[in-house]
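Trainee: The structure under discussion is supplied below as structure tokens; questions concerning it will follow.
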Amino acid sequence: QESMNPEDEVDEFLGRAIDARSIDRLRSEHVRKFLLTFREPDLEKKYSKQVDDRFGAYVACASLVFLFICFVQIIIVPHSTFMLGFYLTCFLILTTVVFVSVIYSCVKLFPAPLQTLSRKIVQSRTNSTLVGVFAIILVFLSAFVNMFMCSTVDLASCMAAEYNITPDRVDICLISNLTSNYSLGTLQGFCDSPLPNCNFPEYFTYSVLLSLLACSVFLQISCIGKLILMLIIEFIYVLIVEVPGVNLFDNADLLVTAN
């Protein structure tokens, strides 16, 4: 490619600069900075009626995040019938949603009822938003629901009862001397709990953070809607960690320090 002469280069540079300034000016005049919505109701109404035929791809990305979460938790968390049943159910639901949403792109190849259902989901901003939020909730639940299948017996209280001492006398030295019974590799629940130990609860937190990626892929959900949804997700998880699941993390801290 021949090099441009200086005058043409200057003209091209000025043209790009003018276009960029024009776009910035139009954006500042017509779009709210924080909400990222049009200032004029008519423009916002017209934009909201635009059909996003990539909705199936959004659900597929959320499903991919779900599969990563399943992969991590199946490796780390002790297996249970509930885990396998829940993951299989979520997988079937997400696969069905992806299938129905993708039908919109090749609608003539499928029966009329599926075509109608696909149009109702994709062509309606409200319906697609509700389906997207539902998919995000499924991914979020898959990130921490196995926590309820783990033993939440307090390790300090358990050892105090076993050795007839007060809980405040249970320290790192005592636990380190009893690594055969109390270690990170112990899967059997403490104090004969019927539920297994989950000695790496931090992976629940990692999975919840991973589930937040599912929020970002749904472009038809507004920025404020995504922010509110993520705040609700984090609030629910923190509440669960601080109330019913607090012993999981306390026990893990004791075992990690002692071992």
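Any read-out appearing in this document is the output of simple, stated calculations on the displayed coordinates, not a laboratory observation. Since the structure is predicted, the reported quantities are computational estimates derived from the model, not experimental observations. Methodologically, a virtual Cβ is constructed for each residue, glycine included, from the backbone with ideal geometry; neighbour enumeration extends over all protein chains shown.
Trainee: Under 14 Å from the 7 Å Cα→Cβ point of Arg169, by amide nitrogen: which residues of region 234-259?
Mentor: none
Trainee: Within a Cβ distance under 14 Å of Val131, other residues only, what is the Lys/Arg minus Asp/Glu net charge?
Mentor: Taking every Cβ under 14 Å from that of Val131, the sum is +3.
Trainee: Quick one: which of 219-232, 191-204 comes out on top by average Cβ neighbours within 10 Å, and what's the full order, highest first?
Mentor: Numbers: 219-232: 14.4, 191-204: 17.2.
The most tightly packed comes first, giving 191-204, 219-232.
Trainee: Next question, about the same structure. What is the gain in length, in nm to one decimal, between Arg119 and Phe82 on full extension, counting 0.36 nm per residue of separation less the C-alpha to C-alpha distance?
Mentor: 9.9 nm
Trainee: Quick check: net charge around Cys191, other residues with Cβ under 13 Å of its Cβ, Lys/Arg +1 and Asp/Glu -1? Working shown, then result.
Mentor: Values: positive: none; negative: Asp154, Glu162, Asp192.
Every neighbour counted, the sum reads -3.
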